[in-house]
1. Under 9 Å between Cβ atoms, at least 6 apart or on separate chains: pull out the pairs that start in the stretch 45-64 with a residue that is on the phi > 0 side of the Ramachandran plot and end on any residue that is in a strand (DSSP E or B).
2. Spot the failing condition for Ile38; the list is (1) more than 11 Å from the chain's Cα centre (by Cα); (2) more than 19 Å from Pro101 (Cβ to Cβ), and only one is missed.
3. Only residues that are basic (Lys, Arg) and not in a strand (DSSP E or B): list them for the stretch 27-55, please.
4. From the list Gln51, Gln7, pick out the single residue that is surrounded by 14 or more Cβ atoms within 10 Å (Cβ to Cβ), closer than 21 Å to Pro101 by Cβ and not hydrophobic (A, V, I, L, M, F, W, C).
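The values are calculated or read from the model by the stated rules, or taken from the named source; none is laboratory data. Since this is a predicted model, take the numbers as computed values, not measurements. Neighbour counts are summed over all protein chains in view; Cβ atoms, including those assigned to glycine, are modelled from backbone coordinates with ideal geometry.
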Amino acid sequence: MQNRYSQRVPMDCSVMFAGDNCVGEGRILDLSLPGCLIESPKRMTAGEYLQLRLFLPDHQAPLHVALAAVRWVEGAKLGVEFIRTSEDERRRLEQFVRRSPAYSGPSPWSEGIVFLGATGQ
C-alpha cells in the first residue's frame, strides 16, 4: 500500500455512485485530496471505475466526480481515488477540505497532484 500523500479529513455525508455493473449509495467517512473512504452495503471490488456524487455539508449542489477508481475494499469500506473531475469541482473540493477544522497541512496541489483530464466544464 502506498503512503498517503494528503491529509484525511473526517467526514459524515452521503454519496451516490454508479459504475459499469453497479449503482449504489453510502456514507463518506473521510475525505482527502484526491480521494475518500466510503462505507456502503453495496459489494464492490478493487479496480472498478465509478462516477460519484458527493453530498458535502456545504449546502451546495452535489459535487460530481466524473471518474474514480476503487483502490481497495475491506468489508463494507472502500478506498476511492478521484481520477477526473472538472476544474471547478476540483477547486471546490480543495477549498472544502482546506476549510475543514481537521485540516492542518499545506495544499497537496503544490506538490504536483493533478486530476487527469480536468476541464472547466
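1. So the pair list comes out as Gly47/Ala69; Gly47/Val70; Gly47/Arg71.
2. Unmet for Ile38, out of (1) more than 11 Å from the chain's Cα centre (by Cα); (2) more than 19 Å from Pro101 (Cβ to Cβ): (1).
3. Lys42, Arg43
4. Selected residue: Gln7, the only one of Gln51, Gln7 that is surrounded by 14 or more Cβ atoms within 10 Å (Cβ to Cβ), closer than 21 Å to Pro101 by Cβ and not hydrophobic (A, V, I, L, M, F, W, C).
Condition check ((1) modelled with pLDDT under 95; (2) under 22 Å from Gln7 (Cβ atoms); (3) under 12 Å from the mean Cα position of the chain (by Cα); (4) among the aromatic types (Phe, Trp, Tyr)) across all residues:
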residue	(1), (2), (3), (4)
Ile28	no, yes, yes, no
Leu33	yes, yes, yes, no
Lys42	yes, no, no, no
Leu50	no, no, yes, no
Asp58	yes, yes, no, no
Val65	no, yes, yes, no
Trp72	no, yes, no, yes
Ala76	no, no, no, no
